[in-house]
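Engineer: The structure's right below; bear with me while I get my questions together.
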Amino acid sequence: MFPIVRLRRNRRTSWLRDLMAESTLRPEDLILPMFVVEGENERHEIKTMPGVYRQSIDQVVITAKEAQERGIKAIALFPSVDDKLKSEDADEAYNLDNLVCRTIRTLKNKGLEIGISCDVALDPYTIHGHDGILIDGDVDNDQTIKALSNQALVLAKAGADIIAPSDMMDGRIMAIREELDSNDFTHVNILAYAAKYDSSFYGPFRQAVRSNKKEYLSKATYQMDIRNIKEAMREIEQDISEGADMIMVKPGMPYLDVIREASERFDVHIFAYQVSGEYSMLKIASEAGVLQWEKAIVESLIGFKRAGAAGIFTYAALEVADMLK
């Protein structure tokens, strides 16, 4: 007891604090999400996400090279699709020559040593903005599973390393795993968005991929209730049993308790997604002088690591990698 025990002794110098650190953050822990658009030499900042851009394929290649040089090991691609390509059944999602597939092939042809993760969900491709096939005003689970399996196979054929179903349909992990395996894509990983909540923090993302609607779009019948954690554990357990290699909790900061519980309960890698609203909240506050950006963003990501996340999707990956180096 005090005064014999003085806990401040271990905090008295910078090198001691580093030596005693329980959680570490490395560039290798970060995954960089990127938004892809048609065209050439296109790079337009997203108004609600300062410092984040919609980029044409040639610019995505440049950014991916920058990520690789900084030690980042993977990127995540999200298409911003023109409205004329959207439909009720998301037909463009199954096109082997769609925007994402062309981006994947271009990156692979450049010989980059960086992993490519691609979301499996239909919202960038549907007129209504939902993540699946809409029947009688609601997303039909089983019809959507068939569509997602088709989408996943198309992405695997293009060269995606990680398939990341973010739709929250029941049974889709097993269906996608069977589809991939039966077509000789046993090597392709599945990162399941197992605990994706019906959150209010997705707004800037939906604007970025042009799936936002003027009227409020409720996804409460398939995304998780923000009040529940036991349900999240059931979702994670089911996805693991169906063949998921990795698990995602989304959003991140409001759900650190879910990350902690999952990391302690399951022997799989748990990933966290610092979603668009979280990023924008910190970025805009720092631009207003309310927060110091460098300290705030690193502190938020250390929080994920401390909770048990193996890796973190963050739009600040490039900036943070520079800070860490």
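A short reminder: the numbers here are calculations on the coordinates, not readings from a lab. Predicted model, so just to flag it, every value in this text is computed and none were measured. Note: ideal-geometry Cβ built from the backbone for every residue, glycine included; neighbour counts use all protein chains shown.
Engineer: So which of K110/K325; K196/K295; K84/K157; K47/K157; K230/K325 end up more than 31 Å apart by C-alpha?
Structural biologist: Those over the limit are K47/K157; K230/K325.
Engineer: Just for the Cα atoms in segment 23-246, what are the lengths along the principal axes, largest first, rounded to whole Å?
Structural biologist: 42, 40, 38 Å, listed from the longest principal axis down.
Engineer: Let me ask something else. List the trypsin sites (Lys or Arg not before Pro) within segment 1-83 that DSSP assigns to loop and that have no more than 12 neighbouring Cβ atoms inside 10 Å.
Structural biologist: Here the trypsin sites (Lys or Arg not before Pro) that fit, given the DSSP loop and packing criteria, are R6, R12, K47.
Engineer: Could you work out [θ]222 nm for the chain from helices alone, using -39500 (n - 2.57) per DSSP H run of at least four and dividing by all its residues? Round to the nearest 500 deg cm²/dmol. Could the numbers behind the result be given before it?
Structural biologist: Numbers: 11 runs with 123 residues, N = 325.
The helix contribution divided over the chain gives -11500 deg cm²/dmol.
Engineer: Hey, if you put +1 on the Cβ of every Lys and Arg and -1 on every Asp and Glu Cβ in segment 189-325, which of A296, L324, G311 ends up farthest toward the positive end of that dipole?
Structural biologist: Checking the options against the dipole of segment 189-325, the answer is A296.
Engineer: Using the basic label-point model (7 angstrom from Cα toward the beta carbon), what is the D170 to S218 distance in nanometres?
Structural biologist: 1.9
Engineer: What dipole magnitude, in Debye to the nearest 20, does the chain give about its Cα centre under +1 on Lys/Arg Cβ and -1 on Asp/Glu Cβ?
Structural biologist: Magnitude of the dipole: close to 1840 debye.
Engineer: Moving to a separate point now. For the pair Y94/E113, report the inter-label distance in nm, with labels modelled 7 Å from Cα in the Cβ direction.
Structural biologist: Spacing of the two 7 Å Cα→Cβ label points: 3.9 nm.
Engineer: Quick one: helix 256-265 against the long Cα principal axis of the chain, what's the angle to the nearest 10°, folded into 0 to 90?
Structural biologist: 90
Engineer: Compute the distance in nm between two label points, each set 7 Å from the Cα along the Cα-to-Cβ direction, one at D82 and one at E42.
Structural biologist: 0.8
Engineer: Of T221, T106, T314, how do they rank once you tally other Cβ atoms within 10 Å and put the fewest first?
Structural biologist: Least crowded to most crowded, the residues run T221, T106, T314.
Engineer: Now for a different question. Please give me, ordered by residue number, the trypsin sites (Lys or Arg not before Pro) of segment 191-234 that lie in loop per DSSP and have at most 12 other Cβ atoms within 10 Å.
Structural biologist: Listed in order of number, the matching sites are K213, K214, R227.
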